[in-house]
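The values are calculated or read from the model by the stated rules, or taken from the named source; none is laboratory data. What you are looking at is a predicted structure, and each value in this text was computed from that prediction instead of being measured. Note that we place each Cβ from the backbone using ideal geometry, even for glycine, and neighbour counts take in every protein chain shown.
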């Protein structure tokens, strides 16, 4: 996918072929310089005005822009047979006078985006693309309304069901969600639709037979296996709530102890029997702990609720590895916000922001794929993520900064690209900004090559 970002938008329909052609020209410029605003990205005054007219046009919507990429992502998922679908939400905050923005916490204005990414199972966690997304711009703070309701509350299950229907029976998706998705109705509805899931538990659950609290029951489970895993670095959240849920940490290796069993979970007392939800649901329970956590760090403690079998060590390992794929979507948000500079956009309305977001999402997936494979599958050939022409121009561009070897790997390519963006080896793995800046040079040189060849 990384070699043809523009191809991810071919076939977009707006009822006007000129708009479809304009989209491809804008995306070509965005792929070359994703982190800058339209004036620096496009340069030419006439083309710049055309870009602004495009994102303002009422016929142009973020759903229509992203439809070809979503369809191609669906095709890539079908080719896998089994796929992890990672779901999560993120707030996007903006400054300045922008019409129609919603209310976020802390007096900020913006909107919340809820996304579903297709990911290849296994340690590589290759990103296949965006399968679905929805936008919520609140009129009031979420705290003012109490418990979430309506579309916002249902987004987890509705979007998972939408994705399951889209990929069809030829694909077996495993929906992976964090603690906010812990919802009794979600478990029932996904189970009724034969959709597998792994959800991190957050609520106080009771066992149907004994009335015992789920958390009190976990230590009684048999330890089925131990695993050594690499935990990625996590920065401090910008708000106190985020820090409590996901405290900051350094990169480290963790020895995990994993217990598992099957439990019948009682319907919560706040859900009335008249809703038609069953009195109890049987779920697999996997408890992951880190008994020997380094001093000063927060130990791993995941209680995972799942529809997958948990009878053997191999089955339990699959549940844990599926949940570990969830971190891919956190990196996706970083790629959008840092690598593509989305929150720095100074546009006039929510409509124009969302159209721009739709153009940047596949580019963020490109950055994510390159960075992820360089870290998790560094020995794969560079041709996995770059076209032949891109490797040729990278070899020329990187001759002085970080030359490519004769048969470059993904790791070689990623570090050479990052060097073009100013990355230094002593600073550790490349970040989103240096990768984005380096890719700008590669895409720009590729375009020169193609134009020269066709002239």
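Selection over the stretch 58-82 of residues that are farther than 24 Å from residue 176 by Cα and surrounded by fewer than 18 Cβ atoms within 10 Å (Cβ to Cβ) gives a count of 3. Of all residues in the stretch 410-440, those that are surrounded by fewer than 20 Cβ atoms within 10 Å (Cβ to Cβ) and more than 25 Å from residue 342 (Cβ to Cβ) total 4. For residue 132, the test of being surrounded by fewer than 16 Cβ atoms within 10 Å (Cβ to Cβ) and either modelled with pLDDT of 95 or more or at positive phi (or both) is failed.
Within the stretch 218-228, the residues that satisfy the criterion of being part of a strand (DSSP E or B) and either surrounded by fewer than 17 Cβ atoms within 10 Å (Cβ to Cβ) or free of Cβ contacts under 8 Å to residues at least 12 places away in the same chain (or both) are 222, 223, 225, 226, 227, 228.
The residues in the stretch 421-443 that are within 20 Å of residue 5 (Cα to Cα) and free of Cβ contacts under 8 Å to residues at least 24 places away in the same chain can be counted, and the count is 3.
Look at residue 255 and say whether it is more than 17 Å from residue 203 (Cα to Cα), surrounded by 13 or more Cβ atoms within 10 Å (Cβ to Cβ), at pLDDT 85 or above and touching a strand residue (DSSP E or B) at 6+ places or on another chain (Cβ under 7 Å). Yes: the conditions hold for residue 255.
Of the residues screened, residue 244 is not one that is modelled with pLDDT under 95, part of a strand (DSSP E or B), surrounded by fewer than 17 Cβ atoms within 10 Å (Cβ to Cβ) and at negative phi. Counting the residues of the stretch 190-217 that are farther than 15 Å from residue 280 by Cα, within 30 Å of the chain's Cα centre (by Cα) and in a helix (DSSP H, G or I) gives 1. Is there a residue in the stretch 271-284 that is in a loop (DSSP other than H, G, I, E, B) and free of Cβ contacts under 8 Å to residues at least 60 places away in the same chain? Checked against the condition, which is being in a loop (DSSP other than H, G, I, E, B) and free of Cβ contacts under 8 Å to residues at least 60 places away in the same chain, the stretch 271-284 yields at least one hit. Within the stretch 165-188, if we keep just the residues that are free of Cβ contacts under 8 Å to residues at least 60 places away in the same chain and crowded, with 18+ Cβ neighbours inside 10 Å, the residue that is farthest from residue 128 (Cα to Cα) turns out to be 183. Inspection of the stretch 334-356 identifies no residue that is in contact (Cβ under 8 Å) with a residue 24 or more places away in the chain, under 17 Å from residue 126 (Cβ atoms), in contact with a strand residue (DSSP E or B) (Cβ under 9 Å, 6 or more places away or on another chain) and not assigned by TED's automatic domain parsing to the domain that holds residue 449. Given the structure, is residue 299 surrounded by fewer than 16 Cβ atoms within 10 Å (Cβ to Cβ) and in contact with a helix residue (DSSP H, G or I) (Cβ under 7 Å, 6 or more places away or on another chain)? Judged against the criteria, residue 299 is not a match. Within the stretch 360-383, is there a residue that is over 26 Å from residue 120 (Cα atoms) and either surrounded by fewer than 17 Cβ atoms within 10 Å (Cβ to Cβ) or in the same structural domain as residue 119 (by TED's automatic domain parsing) (or both)? Within the stretch 360-383, not a single residue is over 26 Å from residue 120 (Cα atoms) and either surrounded by fewer than 17 Cβ atoms within 10 Å (Cβ to Cβ) or in the same structural domain as residue 119 (by TED's automatic domain parsing) (or both). Could you tell me whether residue 85 is within 21 Å of residue 370 (Cα to Cα), crowded, with 23+ Cβ neighbours inside 10 Å and under 14 Å from the mean Cα position of the chain (by Cα)? So residue 85 passes the test.
The helices (runs of 4 or more DSSP H) located wholly in the stretch 26-134 that include 3 or more residues which are touching a strand residue (DSSP E or B) at 6+ places or on another chain (Cβ under 7 Å) occupy 62-80.
Only one entry in 347, 394, 357 is modelled with pLDDT of 90 or more, buried (at least 21 other Cβ atoms within 10 Å of the Cβ) and more than 30 Å from residue 453 (Cβ to Cβ), namely 357.
Those residues that are surrounded by fewer than 19 Cβ atoms within 10 Å (Cβ to Cβ) and either outside any helix (DSSP H, G or I) or at positive phi (or both), I need them from the stretch 303-325; list them, please. Matches in the stretch 303-325: 308, 309, 311, 312.
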